[in-house]
Amino acid sequence: MPFLTPDDYLGSVERIDPSALVEQGFGIVLLDIDNTLVPRDTRRLPAGVARWVARLREEGLRVCLLSNNWHRVVFDYARELDLPLVHRAMKPAPFAYMRALRKMGRRRGEKVVCVGDQIVTDVWGAHLLGLKAILVEPQATKDLWYTQLFRRFERRLMHGRRPRV
Ligand SMILES: [Mg+2]
C-alpha cells in the first residue's frame, strides 16, 4: 500500500541529515512530537533532538510542529524549541497539514517532508497531501493504548522492515 509506505525509515530524527534535506530540495519540515521528538516515558526533550532541530533551521529549513496531542505540554515543547505549533491536528486528516503549510508560507510546488513515528497518522496524512514522509522508530515503547493497537497493525504493514540507519 503505497499510501502507507514511508519514503524512508530511520532509527531516530537525529539520523536525518538536515543538509541532505536541503540538497533534495525540501523547504519545509513538519515534525510530530510524541515519540518522534520526545519519548513518551521520560517526557523530556533530549538535548540531541533540540540540537538537531537547531541544525534544521541553520540550514534554512522552515520547521513546524504538527501534533495530534491536545494537552498543554505540547506548548511547552514548542516554546523550548522556539517553533510554531499546530496541535489537535487529527492526523491523518489533511486540515491541520494545510494550516501548518499556510503558517509556513509554503510556496507553490515547494517540497515538504513530514517526520513521525506512526504510519496511520504521520505517513498516511503526509501522503494524502502528496508530501514526503519519513518514519522514525518510536522513541519509547510506552504509548497510548490505542496507539499500541495501531502499532500491531503497523508492524504488519512494514513486513519486518527495519530502519535503514
Ligand atoms: Mg507520534
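The values are calculated or read from the model by the stated rules, or taken from the named source; none is laboratory data. Everything numeric in this text was worked out from a predicted model, so none of it was measured. Neighbour counts are summed over all protein chains in view; Cβ atoms, including those assigned to glycine, are modelled from backbone coordinates with ideal geometry.
Counting only residues that are under 24 Å from R162 (Cα atoms), part of a strand (DSSP E or B) and of a type in the set (A, V, I, L, M), which one in segment 1-38 is nearest to the chain's Cα centre (by Cα)? Walk me through it before giving the result.
Going residue by residue through segment 1-38, those that are under 24 Å from R162 (Cα atoms) are 1-21, 24, 29-38.
From what's left, part of a strand (DSSP E or B): 8-10, 29-31, 34, 38.
Narrowing the set further to residues that are of a type in the set (A, V, I, L, M) leaves 10, 29-31, 38.
Working: L10: 12, V29: 8, L30: 6, L31: 3, V38: 11 Å.
Among those that are under 24 Å from R162 (Cα atoms), part of a strand (DSSP E or B) and of a type in the set (A, V, I, L, M), it is L31.
Checked against (1) buried (at least 18 other Cβ atoms within 10 Å of the Cβ); (2) assigned to a helix (DSSP H, G or I), C114 passes all but a single condition, namely (2). V73 meets each of the listed conditions (1) out of contact with any His (no Cβ under 6 Å at 6 or more places or on another chain); (2) of a type outside the set (S, T, N, Q); (3) modelled with pLDDT of 95 or more; (4) within 16 Å of the ligand (Cβ to nearest atom) apart from (3).
Screening G105 with (1) more than 12 Å from the ligand (Cβ to nearest atom); (2) within 12 Å of the chain's Cα centre (by Cα) gives one miss only, at (2). Before we move on, is T147 outside any strand (DSSP E or B) and within 12 Å of the chain's Cα centre (by Cα)? Spelling it out, it is not the case that T147 is outside any strand (DSSP E or B) and within 12 Å of the chain's Cα centre (by Cα). Just one of (1) over 26 Å from H159 (Cβ atoms); (2) buried (at least 16 other Cβ atoms within 10 Å of the Cβ) fails for D34. It is (1). For segment 39-78, residues that are farther than 17 Å from C114 by Cβ, outside any helix (DSSP H, G or I) and among the β-branched types (V, I, T) total 1. Among the residues of segment 1-39, those identified as away from the ligand (no atom under 16 Å from the Cβ) and of a type in the set (F, W, Y) are F3, F26.
Just to be sure before I move on: is A93 in contact with a Gly (Cβ under 8 Å, 6 or more places away or on another chain) and either among the charged types (D, E, K, R) or within 25 Å of T5 (Cβ to Cβ) (or both) in the structure I sent?
So A93 fits the description; yes.
From the list I119, I134, the lone residue that is under 14 Å from P6 (Cα atoms), within 11 Å of the ligand (Cβ to nearest atom) and surrounded by 16 or more Cβ atoms within 10 Å (Cβ to Cβ) is I119. Checked against the criteria, R88 does not count as more than 16 Å from the ligand (Cβ to nearest atom), farther than 26 Å from P163 by Cα, part of a loop (DSSP other than H, G, I, E, B) and basic (K, R). Just to be sure, is T42 within 16 Å of the ligand (Cβ to nearest atom), in contact (Cβ under 8 Å) with a residue 24 or more places away in the chain, among the hydroxyl-bearing types (S, T, Y) and touching an Asp or Glu at 6+ places or on another chain (Cβ under 6 Å)? Considered against the rule, which asks whether it is within 16 Å of the ligand (Cβ to nearest atom), in contact (Cβ under 8 Å) with a residue 24 or more places away in the chain, among the hydroxyl-bearing types (S, T, Y) and touching an Asp or Glu at 6+ places or on another chain (Cβ under 6 Å), T42 comes out as no. Being within 18 Å of R151 (Cβ to Cβ) and in contact with a Leu (Cβ under 8 Å, 6 or more places away or on another chain) is the filter here, so list the residues in segment 6-27 that pass it. P6, Y9, L10, listed by residue number. Taken together, A100, A89 contain a single residue that is without any contact (Cβ under 8 Å) to a residue 60 or more places away in the chain, buried (at least 19 other Cβ atoms within 10 Å of the Cβ) and either over 22 Å from Y9 (Cα atoms) or of a type outside the set (S, T, N, Q) (or both), which is A89.
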